[in-house]
Amino acid sequence: MSEPTLGLERAGLQDLYRSLCLTRAAEERLELLQKQGHVTGGLYRSLGQEAGAVGAAYALRRRTDGTGDMLCHTIRAAGALFLFGGELIDYFRQYMAKGTSPTRGREANVHWFDFQKGFVGPVSPLGTMIEIMAGMTLSFRVRGEDRIGIVFYGDGASSTGAWHEGLNFAAVQRCPMILIVENNQWAFSTPTSKNTRVSSFTEKGPGYGIDTEAVDGTDVLAVFDAVRRAALQVRSGGGTHMIELNYFRRKGHAQHDPQDYVDPVVIRAWEKKDPLDLYRSRLLHNEWASEEELMVIEEQTFEECRVAAEAAIAEPYPEGSEAVLGVYTDVAMPHPWTRSNSPDPTLA
Amino acid sequence: MDPETPEHLLKTKRGEPVTMLEAISEALFEEMIRDESVFLMGEDIGVYGGAFKVTRDFLSFFGENRVIDTPIAEGGFTGAAAGAAHMGLRPVVEIQFMDFISPAYDVITNYIATSNYRGAGPQPLVIRGPVGGGNRGGPFHSQNVEMAFFHTPGLKIVYPSTARDAKGLLKASIRDDNPVIFEEHKGLYRAPSLREVLPDDDYVVPLGEARIVREGTDITIVTYGSMVHKSVEAAETMETEDGVSVEIVDLRTLLPLDEDAIVESVKKTNKLLVVHEDTRTGGIAGEIAIRVSEKAFEWLDGPILRVTAIDAPVPYSGSLEDYFLPQTDDVLKAARYLAAY
């Protein structure tokens, strides 16, 4: 007997798999690019966490005209970024710090923005993004817009003052937003037990007067279902909501982290809960997709990443002198006087 | 039926003089009327009308969607202002005392100030509040915060010294697409000597432009905020008792700094004294001195000197605070030393 499809058609069920494959293929492509010396700065994998981002984003209204829901993703939620319309080639341009990237080489990886498509890239102190999304969704409420926001952050960010201040503000103002805590059990090398005394982040919700729910973050349909229900509640004036995704960060904090503080036996155990493998089996078992259809998806996403990465490699880096541009909307920053052809400080 | 404009916000319309505080209230009120996207957030600004009553009666006029009483969490609501600014609103955040801006330092410096540069778009918001000493407020109700932010590219910092400038600069700040930190000296808020009749048109004072308060030929004093008035007192004494002509430049906007105005004045007088109420080390005098060194070294006929508060937390007791703060007599002594140099 087949499992319930949560209202998704066959195409939708396969869409989810496509997004999972795209996320993983993009990150695997980045690993290759890094070995080839094309990646500027750190590279962060979401291996084992892909279903959280995909399931959550798929449950929201994704539009391109600035009227849809608003996403704040993280480095380990690239699948959500892609679902909200973030272009694959821009993802590679960002990682390669190209002048053609959305931030023109000023910012790294997934830290980019498109308010028409409805995503705001994070800044590195992730707790801040709770405050930012509180303000974005406050604007939805006071203007009576039928929009909600969703903000991803890690178990570590839950310890920051910004997280508390942003969440408390949102709860009091009944901001229509969903917080998604990606509890992958590690904040760099610090385990969750050293970030909080509670055994589940859902225990924090009552302290703020908001509803919470924990969900298996390796199960894309379970995440989709939880976020869909939360979104209904939030959209109908239910205020702020929090969902905890439980899974495991199977790679180091970044590629430069050998993760030697984690018991390898634990990592191997979590390999058996790989979100792509689990969902692929269900698609076949429930006859939501055929083996051939899945192989096409796998080949297509691999190829899309290859093509986009190749195109991004060929593009130029920004001119160094562009570093002075864009500090203000209306005030020009001077170039260093020592860089002019006839250096003279009085002329700078 | 629309609520009626509160009487106390119509003084300029009636041609009556206003204090600097009333000028600030009028600026906020008129901007909120002019542009529906302007809204206010802060602690106790609604029902209570703000700790200094800057937003008295705003809540009943504009409603609680545009005058938002917040939790005591400067980081949280300043961050929320940034999110709202992304969505096309123009938030004006009140920090009850600017000493309490420090919890928002993270979001201001890491997020708000970098937003446009990062490609996340402009951050049209104003963070305003009372600063400054002399009111026996002690260490946590008296600080000047400009130099905590002066080093952050992407921010603008405004610090008016008169009612006219306060109103015009605040309007310009609200209309500016960049984030502005707007400092209001609480000792000037209700100072009777600063009461003036303002133009009743919709004037603005552009950011980034200093004002020559007083023309002179022998010494330049570059200053801002409350020290403008102490410098003027010293200059008047110099004029009558010493026959020395002092030019006073009121910076008005600290960031971006109006370097041209400073350099031009120094080239005229050849001597520079910087006066600020903020503490000494890392004060703006240092930046001004190096700019003059870069641009007008050959014009200098004496050392660049400064009069500032001492490097200490702001003390509570009157005798201590008066010693801590720069006084007119300090300005006078420094100016006389420079004149004789």
| task | Using a 10 angstrom cutoff on alpha carbons, build the Gaussian network for chain B and name the most mobile of B:His151, B:His141, B:His86. | result | B:His151
| Unit charges on C-beta of K, R, D, E only; dipole of the protein assembly as shown, Debye | 800 debye
| request: Mind giving me the nanometre distance, one decimal, between the label points for A:Glu87 and A:Ala311, set 7 Å out from Cα along Cα→Cβ? | output: 0.7 nm
| What is the average number of partner chain Cβ atoms found within 10 Å of a Cβ in B:85-92? | 5
| query | Does chain B come out rounded, prolate or oblate by the C-alpha gyration tensor, with a ≥ b ≥ c the root eigenvalues, rounded set by a/c under 1.5 and, if not, prolate when a/b is larger than b/c and oblate if not? | reply | prolate
| In the stretch A:10-320, with Lys and Arg counted as +1 and Asp and Glu as -1 at Cβ, which of these residues, A:Tyr279, A:Ala134, A:Gly79, has the Cα nearest the positive end of the dipole, that is, farthest along it? | A:Ala134
| request: Based on the mean of other Cβ atoms within 10 Å per residue, sort peptides B:208-214, A:49-55 so the most packed one is first. | output: A:49-55, B:208-214
| Under 16 Å from a point 7 Å along the Cα-to-Cβ line of A:Gln36: which residues of the stretch A:272-308 have their amide N that close? | A:302-308
| What ranking do B:231-237, A:190-196, B:322-328 get when scored by the average of other Cβ atoms within 10 Å per residue, highest first? | B:231-237, B:322-328, A:190-196
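Where the only charges are on Cβ atoms (+1 Lys, Arg; -1 Asp, Glu), what is the dipole of chain A about its Cα centre, to the nearest 20 debye?
Details: 35 positive and 46 negative charges, 153 e Å.
Computed charge dipole of chain A: roughly 740 debye.
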| message | Which residue, A:Trp163, A:Ala11, A:Tyr44, has the largest displacement toward the positive end of the dipole of the stretch A:10-320 when charges sit on each Cβ (Lys, Arg +1; Asp, Glu -1)? | response | A:Trp163
| Given the protein assembly as shown, what whole percent of its Cα pairs are spread farther than 40 Å? | 39 percent
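What FRET efficiency would be calculated for the residue pair B:Ala340, B:His8, taking the C-beta separation as r and a Förster radius of 56 Å, to the nearest 0.05?
Values: r = 49 Å, r/R0 = 0.88.
Calculated value: 0.70.
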| field | Centre separation in Å (Cα based) which lies between the stretch B:320-334 and the stretch A:19-79 | value | 59 Å
| Within 10 Å of each Cβ in A:164-173, the average number of Cβ atoms from other chains | 6
| said: For a quick size check, give me the Cα extents of the stretch B:211-340 along its three principal axes, largest first, whole Å. | reply: 43, 35, 23
| task | At 7 Å along the Cα-to-beta-carbon direction for both B:Lys267 and A:Arg143, put a label point, then send me their distance in nm to one decimal. | result | 4.7 nm
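How high is the relative contact order of the stretch B:165-305, given as a whole-number percent (alpha carbon pairs under 8 Å, six or more residues apart)?
24 percent
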| What spacing in nm lies between the two simple spin-label points modelled at A:Ala348 and A:Glu213, each 7 Å away from Cα in the Cβ direction? | 5.9 nm
| Which listed pairs, of B:Lys13/B:Lys156; B:Lys171/B:Lys271; B:Lys186/B:Lys230; A:Lys204/B:Lys53; B:Lys268/B:Lys333; A:Lys194/A:Lys273, have C-alpha distances above 27 Å, in listed order | B:Lys13/B:Lys156; B:Lys171/B:Lys271; A:Lys204/B:Lys53
| field | Fluctuation leader among A:Gly239, A:Gly121, A:Gly42 - chain A, Gaussian network, Cα springs under 10 angstrom | value | A:Gly42
| said: On C-alpha positions alone, give me the angle between the axis of helix B:20-34 and the longest principal axis of chain B, in degrees, nearest 10. | reply: 40 degrees
| request: Mind checking which of A:Tyr153, B:Ser173, A:Gly252 is farthest towards the positive end of the protein assembly as shown's charge dipole, using Cβ charges of +1 (Lys, Arg) and -1 (Asp, Glu) about the Cα centre? | output: A:Gly252
| If you take the beta carbon distance between A:Gln259 and B:Asp311 as r and set R0 to 60 Å, what does 1/(1 + (r/R0)^6) give as a FRET efficiency, to the nearest 0.05? | 0.80
| note | Relative contact order of chain A (C-alpha contacts under 8 Å, at least 6 apart) in percent is 22 percent
| request: Would you mind getting me the FRET efficiency between B:Leu320 and B:Lys53? Use the beta-carbon distance for r and R0 = 22 Å, nearest 0.05. | output: 0.20
| request: Rounded, prolate or oblate: pick one for the stretch A:10-320, where a ≥ b ≥ c are the square roots of the eigenvalues of its C-alpha gyration tensor, a/c under 1.5 means rounded, and failing that, prolate if a/b is larger than b/c, else oblate. | output: rounded
| query | So what's the convex hull volume per residue for the Cα atoms of the stretch A:115-210, in Å³? | reply | 95 Å³
| Across the residues of B:68-74, average count of Cβ atoms on other protein chains within 10 Å? | 4
| query | What whole number of Å gives the distance from the Cα centroid of the stretch B:87-165 to the Cα centroid of the stretch A:230-303? | reply | 42 Å
| query | Once both axes come from the Cα atoms, what is the angle between helix B:163-175 and the longest principal axis of chain B, in degrees from 0 to 90, rounded to 10? | reply | 50 degrees
| Paramagnetic reach from A:Val331 (point 7 Å along Cα→Cβ, amide N under 14 Å) across the stretch B:207-229 | B:207-210
| task | Name the most mobile residue of B:Arg128, B:Arg195, B:Arg118, meaning the one with the largest mean-square fluctuation, in a Gaussian network model of chain B with Cα contacts below 10 Å. | result | B:Arg118
| Which value in deg cm²/dmol, rounded to the nearest 500, describes the helix-derived mean residue ellipticity at 222 nm for the protein assembly as shown, given -39,500 (n - 2.57) per DSSP H run of n ≥ 4 and division by the residue count? | -11000 deg cm²/dmol
| query | Between the stretch B:6-21 and the stretch B:256-291, how many Å separate their Cα centres? | reply | 34 Å
| Which of the peptides B:49-56, A:68-75 is most tightly packed, and how do the rest follow, going by the mean number of other Cβ atoms within 10 Å of each residue? | A:68-75, B:49-56
| field | Length added when fully stretched, A:Arg10-A:Gln116, from 0.36 nm per residue minus Cα-Cα | value | 35.3 nm
| Can you give me the relative contact order of the stretch A:162-272 as a percent, contacts being Cα pairs under 8 Å and 6 or more apart? | 37 percent
| field | Nearest-20 debye value, the stretch B:7-194 charge dipole, Cβ charges on Lys, Arg, Asp, Glu | value | 400 debye
| said: Counting pairwise Cα distances across the stretch B:7-194, what percent come out greater than 26 angstrom? | reply: 24 percent
| remark: Nearest 10, in degrees from 0 to 90: the angle of helix B:284-296 to the longest Cα principal axis of chain B is 60 degrees
| task | Kindly provide the Kirkwood hydrodynamic radius of the stretch A:294-348 in Å, to one decimal, from all pairs of distinct alpha carbon atoms. | result | 15.4 Å
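Just so you know, all these numbers are worked out from the coordinates, no wet-lab data involved. It should be emphasised that the depicted structure is a prediction, and the values quoted were computed from it without experimental measurement. Cβ sites come from the backbone with ideal geometry, for glycine too, and all protein chains shown count toward neighbours.
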